[in-house]
Structures are given as structure tokens and as C-alpha cells.
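The values are calculated or read from the model by the stated rules, or taken from the named source; none is laboratory data. These numbers come from a predicted model, not from an experiment. Reconstructed Cβ throughout: ideal geometry from the backbone, glycine too, with neighbour counts over all protein chains shown.
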Amino acid sequence: MNINILYNKECLLSPDTLVIRQLGLCSWVSAVFAMKHFTNERNQKTPDEIWLVEHPSIFTKGQTSEKNSLFMIYGIPIMQSDRGGKITYHGPGQQILYIMLNLKRRKLNIHQLVTAMEQTVLSTLSEFSINAHLRPGSHGVYVEGKKICSLGLRIHNGCSYHGLALNINMNLTPFLYINPCGDSQIKMTQLIEHIDNVTLSAVQPILIRNFLRYLNIKNIHWSNNI
């Protein structure tokens, strides 16, 4: 889907409400443009938002990626992102949570948000009886030494955007074309390799529930559009 309306219309909601939008498959360019517009235009009364999305196949380079002139790898476009981190891959079957929080209003710092994101994924995988772990010196979540979830954030005027990408049931082959997160030693995995017939729709409510619990968020509003 294309994101055409770029500003939060939930004007009657309390600022402490978290709006959760299930946007499905949408282009990376449209989603990032919408996130940046939302973040630039929001004010102290704007409710925070989480967007649940998937993207068509795309490589994205973070702010610390190596500079080169490549625009495509094996027919998959490469786009520069303003998030932190290095290069990664997004594709259908990967659950992305874009997290747009007013950190000052939520009384959070960046470290606390990153910790909440990682613990959310750890708890979610635990509910599928998967023993996931963190890796010292590297953000993200791992299973049996392979990376299953990547994190990347941007903070603007005290507000976050971008978020996390959890591999669920996707084609992992494009990860072999790059050094994921800039590390040639990283191997990728996904939930379907550990749980048969798992779907994004089965994982979404568990992810959201755990995220709300870690940040003690009580007021939420679900929406299927933007």
C-alpha cells in the first residue's frame, strides 16, 4: 500500500495515548517519508505511534555504513537511511515496528528505549519457546548465535522514529549479498526455522503486548490506516 496521508488525524486522543497502526505491505520510501513528516510536524500534544509494516525487498544503509556508489545488488535497490547502524535487508515476511515516541514525555532515554525493544523481542520469542539472547557490544537479538532481529533508531527533537525488524517468514538469501549490520561474521535466522507455520499476524499482538508492558503504557488506540 502507499501512505498518502502524512499526519496524525487522531486529534481527539489524549497525548498519553499510543496509536498502533497496522499498515501491512508498503514501500520503504513512503513509510520513511511519512515517519519523518510525522516527527517534524508533531507537537507536545501529539500522541505517540507505532506502525506495523512489511516492505518489498530493499537494502537500507544506516548513518555509519561504508560509502560507495552502488544503487542495486542483484536487482534489489539500495537506499540511504537516516537511522543509526549499517546496512541491512528488508523484505516481505519480516515484521517491522516503527516506533515514534516522545521520549521526554515518556521519561525515557535512548538506552532505555533500546533495552525495551530488545526485551520485547526476547519475551515474544520466549512465548514461542525460543531461547533468544543478546550479544555484548551489538544491538539486536540472536538465536543460537544467529541474528533474528535488528534495531535502528533516529532521534529528532527528543522523539524517536525507525525501530526494529524481526525476521519471521521471509527469504533470507539477500542477507548473503551483504555483511548484515556491517559484520561479515553475522548469520541470519528467522522464526519459521524454529516454529512451523508461524505468521506475522500471530506474532504482532504478542510483540505489541510485550512492548506495552515494558514501557507501562496503558492507553492505546488501534487503527488500520494513516
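Descriptive notes on the structure:
- The set of residues from segment 123-154 being of a type in the set (A, V, I, L, M), within 27 Å of Lys61 (Cβ to Cβ) and surrounded by fewer than 19 Cβ atoms within 10 Å (Cβ to Cβ) comprises just one member, Leu134.
- Residue within segment 65-81 that is touching a Gly at 6+ places or on another chain (Cβ under 9 Å) and either among the aromatic types (Phe, Trp, Tyr) or over 25 Å from Gly24 (Cβ atoms) (or both) present: yes
- None of Leu191, Leu172 is buried (at least 21 other Cβ atoms within 10 Å of the Cβ) and of a type outside the set (Asp, Glu) except Leu191.
- Only one of the listed residues (Ile58, Ile73) is farther than 14 Å from Ala165 by Cα, in contact with a Phe, Trp or Tyr (Cβ under 6 Å, 6 or more places away or on another chain) and surrounded by 13 or more Cβ atoms within 10 Å (Cβ to Cβ). That residue is Ile73.
- Some residue of segment 105-117 being touching a strand residue (DSSP E or B) at 6+ places or on another chain (Cβ under 8 Å), in a loop (DSSP other than H, G, I, E, B) and at pLDDT 95 or above: no
- Strands (runs of 3 or more DSSP E) enclosed by segment 13-96 - at least 2 residues per element that are in contact (Cβ under 8 Å) with a residue 12 or more places away in the chain, closer than 19 Å to Ile208 by Cα and in contact with a strand residue (DSSP E or B) (Cβ under 7 Å, 6 or more places away or on another chain): 18-25, 48-54
- Looking across segment 118-139, the residues that are in a helix (DSSP H, G or I) and either of a type in the set (Val, Ile, Thr) or touching a Lys or Arg at 6+ places or on another chain (Cβ under 9 Å) (or both) come down to Thr120, Val121, Ser123, Thr124.
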